[in-house]
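Worksheet for the structure shown next.
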Amino acid sequence: MKNLVIIPTYNEVENAEKIIRAVFGLPGGFEILIIDDGSPDGTAKVVKKLQEEFNTRLHLIERGGKLGLGTAYLTGFKWALERGYDYVFEMDADFSHAPSDLPRLLSACVDDGADMAIGSRYCNGVSVVNWPIGRILISYFASVYVRKVLGFKIFDSTAGFICYSRKVLETINLDDVQMKGYGFQIEMKYTAHKLGFKIVEVPVIFINRKEGTSKMSGSIFGEAFWGVIKLRFRRFK
């Protein structure tokens with residue numbers, strides 16, 4: 001069984017080596033694909049140095065600039081499918097997603113039969129640490145908005161900590177995914193739901209980054225707001 005953790009990076013030099021070593025310290029034989037969007041702080045250089053130590057498990061794609069979170073993951077998904085990975089993960093570089101939760105997401109798919117396992121901040125109340133209250137409210141009510149508009153019974157539809165089975169990524173037309181920022185997470189989950197895949201939420205504790213800078217922006221939320229309305233009227237095959 002081949003498991004790949006995709007980690008997009010932009011200016012994550014403080015976290016890159018730490019997150020890579022944390023994932024490789026876990027059981028389960030995880031490999032990592034870093035997709036770096038031309039970080040001027042030298043993130044890619046750190047990864048290349050570590051490839052000397054983890055040459056068969058650590059992979060790197062360098063892109064020319066900030067092309068968006070969604071396009072990074074889509075690039076990673078296609079890369080993973082071409083190389084025969086069985087389970088593919090989305091995870092942030094900044095330790096807001098605890099690497100120790102990766103085996104729990106994998107188990108939800110391998111042992112419990114899920115096609116997609118979401119590391120959920122909201123399925124057991126609100127499990128967020130050190131976020132400003134305004135950020136928590138925006139994130140929480142974004143998922144409420146998604147449930148109301150789409151009738152989609154997932155508590156954390158904007159979560160970015162996910163395990164996909166290969167068949168989900170093979171079935172979704174990745175070239176047809178339209179949202180590239182914050183809404184990308186919603187679109188992928190809703191598409192999998194409409195295609196009949198089993199989605200489960202695994203409760204996790206989300207901890208705000210300690211090092212580096214958040215990449216969120218107002219335009220990301222705007223895309224998600226209007227994108228959800230468009231999803232409501234899209235046909236899925």
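Among the residues of the range 61-81, is there at least one that is within 25 Å of residue 188 (Cα to Cα), under 15 Å from the mean Cα position of the chain (by Cα) and among the acidic types (Asp, Glu)?
No, the range 61-81 has no match at all.
Could you pull out the residue among 180, 167 that is touching a residue at least 24 places away in the same chain (Cβ under 8 Å), of a type outside the set (Val, Ile, Thr) and out of contact with any helix residue (DSSP H, G or I) (no Cβ under 9 Å at 6 or more places or on another chain)?
Checking each option against the conditions leaves just 167.
From 171, 158, which residue is among the β-branched types (Val, Ile, Thr), modelled with pLDDT of 95 or more and over 26 Å from residue 21 (Cβ atoms)?
Every option except 171 fails the conditions.
Every residue in the range 80-94 that is assigned to a loop (DSSP other than H, G, I, E, B) and either modelled with pLDDT under 95 or of a type outside the set (Phe, Trp, Tyr) (or both), please.
The answer is 83, 84, 86, 91, 92, 93, 94.
Would you be able to tell me the number of residues in the range 95-109 that are part of a loop (DSSP other than H, G, I, E, B) and touching a Phe, Trp or Tyr at 6+ places or on another chain (Cβ under 9 Å)?
Result for the range 95-109: 3.
If I ask for residues that are assigned to a loop (DSSP other than H, G, I, E, B) and surrounded by 16 or more Cβ atoms within 10 Å (Cβ to Cβ), which ones from the range 55-67 would you list?
Once the filter is applied, which keeps residues that are assigned to a loop (DSSP other than H, G, I, E, B) and surrounded by 16 or more Cβ atoms within 10 Å (Cβ to Cβ), the range 55-67 yields 57, 63, 67.
The values are calculated or read from the model by the stated rules, or taken from the named source; none is laboratory data. Note that the structure is a prediction, hence the values are computed from the model and not measured. Backbone-built Cβ (ideal geometry, glycine too); neighbour counts: all protein chains shown.
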